[in-house]
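The values are calculated or read from the model by the stated rules, or taken from the named source; none is laboratory data. What you are looking at is a predicted structure, and each value in this text was computed from that prediction instead of being measured. FYI the Cβ positions are ideal-geometry reconstructions off the backbone, even for glycines, and counts take in every protein chain you see. Surface accessibility is based on the protein's heavy atoms, side chains included, excluding ligands, DNA and RNA. Shrake-Rupley method; radii C 1.70, N 1.55, O 1.52, S 1.80 Å.
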Amino acid sequence: MVRILRVKTRRHSPLALVRVLVAVIGVLTVPGRAQDVIASGEVIVELFDGEFGVGGQVRPGDWAGIRLRITDSAAEPRELLLRVAGSDPDGDTPMFESVVASSPGTSRDAWVYVRLPSRLGGSVLVTAYEAIATDDEQRPYRAGERLGGALLRPRAVRDPTTGLYAVLNSRGGLGLTQYAVRAQNEEASPLANERTEIVTQLGAEMLPDRWMGLEPFEVVVWGDADPLQLGTERPRAIMEWVARGGHLVIALPALAQEWTNPRSNPLAELLPRVTIQPVAPSYDLNRLGPLFMGREARESEGMDLSLPDASVVVRELVADPLAREREAIPILTDPDGRVLVSRRLVGQGMVTLIGIDFNARPFLRHSLPQAEVFWNRVLGRRGAYRSIAELTNQSTEVGKLRAMTRDRQERWYDDDVGDEIATSGRSAAALLLGFIAFSLYWLVAGPLGYAVLKRYGLVRHAWLGYLAAGGVFTLLAWSGAIALRPKSVSARHLSIIDHVYEQPVQRARSWMSLLIPWYGDATVRVDSTEGFHNMVAPWSPRDGGATAVFPDARGYAIDARDPNTMSFPTRATVKQLDAIWTGEPLEDWRMPRPVLSADQQGEPTLTVDSNGRAVGVLRHDLPGELTDVLIVTVRGQALVGSPSAEDVRGPMLFVSNAASRNAWAPGAELDLSTLDAWEPFGLTLDRMVPDARGISVTDPDPLFGDLEDRLRALSFFHLLEPPVFTPENTRGGTLPRRWQTHGWDLSRWLSQPCVIVVGVLRDSPMPVPMTIGSGREIASRGTTLVRWVYPLEGNPPGWSAAVVDGGSGSGETGSGDASSDENGGG
């Protein structure tokens, strides 16, 4: 329901004003209302089908797309400036602006994008103005007459610690909703760590037309939605989201003509280069049972996936002979080696194609596939995910395990960004100087000066001495303040930079405290590469930041559709910003790359031997020494259906190993075969959880270890150890938490063979290319987490003989050899 408050402009009686005030208060306090128009006018602003965020879902601290319906009553078309009021910890108001053309007498929809504050209030104000053209290239329009407005409220505000997946499917969540199960309203997964909210019932026409609207989502799974409904702008948004690190998963529906015809498919260039071939109709789907469900489900009464009325389309994905190695990577096969899941790497992200119709009757009837069995392998996750009925039944092993996971204590992995970027050194020096100057002044102008005057019989000149001391120390204080006052722009940052070998783009993110030593205004800009919309916006910590604001707070504009530039008020202090960039590889940030050793010829490559050790030589030319280096090798996945892969505790499904190196200088060659102390990567990950480090769970400090430990753990967050169940630890434990690094997880890479290098650059410049004013570079120092991925040839897991053809045969089947290690890398 929309409540319209009509305000007459000629006469306002006191009673009328009281009624208006009461109505506005009602608008602000009635819960559950999606929107309220707060003033009549020539333009009516409304939410389009409740789309404040994709599917009506938002998460504080993220970007969000708001789809508006604009109705203009003017007689002629005109330009309208839409303004969304944001939040800034300094008290200023960032105004996210977009210009649209109105359609007189009819409604039109428009997407605008806004960075939400870390503490989101009840409503967001959206206002429509007449757009007045200017000569300013940075801001070609300014606001004219106010024409209308609305208070908008999201339908659902998710907890900042919750992950988000989007599912475009009309019939359920394709088994992914098991990631969202929680018990007793806990914001955690009972037998794993982070809970993931699944946004379902989405259609292609509901997706945003800029990648910022998809930024909160780590994964988008496409079911039976029609790609022809995307139009022209939405495919570009999806392509950019994928290239910036998103994971698009497409589960082919029963009728997949729109996907197999590249002329009618706007996403055709993203798909793996494969030929889609239907498998024979007589295919026994029960043979694939171990890929979709655990042993308990397979052995339950009535579990039959090949009933006469259960027609299921299964397609083999045959790699195009002309496809390059990273354009058709096999991920999962059937027992006969047919590829059922294939993948293509696109920039920093990936597109995975599944040749099985999960909307078929057997999957819907039995709520398949199970997330912990199938989706963990595709998405690179760890942990057990069960239904509420199983979790609450304490007569079963699952119910007993659930009883042990209550009362876990949170341990934050990314909650100290504000501390890491704080510029407190200069302030502390100024405070110390002030304290020393005042102390000396008090001594000289007080008891010490009086004692000296008394000794020499000059007490009668006490007032003159007092004035002289005041003048001298005033001069000293002003001189010290001038000497300590910063004279140039500088930034203290914490950053992440990623690169996938041979991909044409890098991505980086920097949280920074930007010191600007003047009063007035400043303009910062993140460099942009054609085809990418980079972003910079004000940032605040999880608690919302400082409660005190500047008395001269005012608004400043940010382009709501291309927010790579930000002009804001300055007061000779710091501004905390969050900048996200993707573009061509930076010349000053030459990431690791394979080089030829002295006895090699041809193209330099990396390989992994049968023991899981990396073989090859790497070199980097980064702007400093790489420290705390972690090298991870992934050979493949554990056998499908093996006992260890079906452990109810949520095992590590990926055969991986890790080694470390303390330091690696730029220009130096690192021979990976010389590294020793390789161990299963699962053990390395488990040490990134506080319990395994011997840290007391009753320790009040919500952080653990040092910054480097936490940064590495964030890189593999979905693979961190689930709750540990031992005779000594039968209750509680710790719960890993994050709130601002969703989408920056490398866990998905463990679902395919690769080599991953993670290291830390201390006291480094900022990797995000950003300028101030007319193009001046910003001097910056801080800590940068460097991550580099080298994809290897595909090696899908084999199948355990125990689950193939009723257990006949010996050894394993399928194409994978790495999966003979049933422990899954620890």
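A Förster radius of 41 Å, combined with the Cβ-Cβ distance separating residue 466 from residue 774, puts the computed FRET efficiency at roughly 0.25. Put the Cα centre of the stretch 554-578 next to the Cα centre of the stretch 581-648 and the gap is 39 Å.
What is the stretch 537-645 by shape, rounded, prolate or oblate, if you read a ≥ b ≥ c off the alpha carbon gyration tensor as root eigenvalues and call it rounded for a/c under 1.5, prolate for a/b larger than b/c, and oblate otherwise? Judged from the Cα gyration tensor, the stretch 537-645 comes out prolate (a/c at least 1.5, a/b above b/c). With all protein chains kept in place, the per residue accessible area of the stretch 96-143 amounts to 48 square angstrom at a probe of 1.4 angstrom. Note on residue 683 and residue 410: with the Förster distance fixed at 30 Å, the Cβ-Cβ geometry gives a FRET efficiency of about 0.80.
Distance between the 7 Å Cα→Cβ label points at residue 527 and residue 459: 7.3 nm. Surface composition of the stretch 564-656: carbon and sulfur make up 43 percent of the accessible area, probe 1.4 Å.
The gain in end-to-end length when the residue 137 to residue 125 segment is fully stretched comes to 1.7 nm, 0.36 nm per residue minus the alpha carbon separation. The alpha carbon gyration tensor of the stretch 450-589 gives principal lengths a ≥ b ≥ c with a/c of 1.5 or higher and a/b greater than b/c, which makes the shape prolate.
Relative to the current alpha-carbon distance between residue 233 and residue 621, full extension at 0.36 nm per residue lengthens the span by 135.9 nm. In terms of the Cα gyration tensor, with a ≥ b ≥ c the square roots of its eigenvalues, is the stretch 54-119 rounded because a/c is under 1.5, prolate because a/b exceeds b/c, or oblate? Oblate, because a/c is 1.5 or more while a/b does not exceed b/c. Among the protein heavy atoms of the stretch 246-392, carbon and sulfur supply 49% of the accessible surface, probe 1.4 Å, non-protein parts ignored. In this rough spin-label picture, where each label sits 7 Å from Cα along the Cβ direction, the residue 260-residue 419 distance is 5.8 nm.
In this rough spin-label picture, where each label sits 7 Å from Cα along the Cβ direction, the residue 185-residue 336 distance is 5.3 nm.
Multiplying the residue separation of residue 323 and residue 282 by 0.36 nm and removing their Cα-Cα distance gives an extension gain of 11.7 nm.
When nucleic acids and ligands are ignored and a 1.4 Å probe is applied, residue 407 ends up with an accessible area of around 110 Å².
Would you mind telling me the share, in percent, of accessible area of the stretch 80-126 contributed by carbon and sulfur at probe 1.4 angstrom? Carbon and sulfur together cover 44 percent of it.
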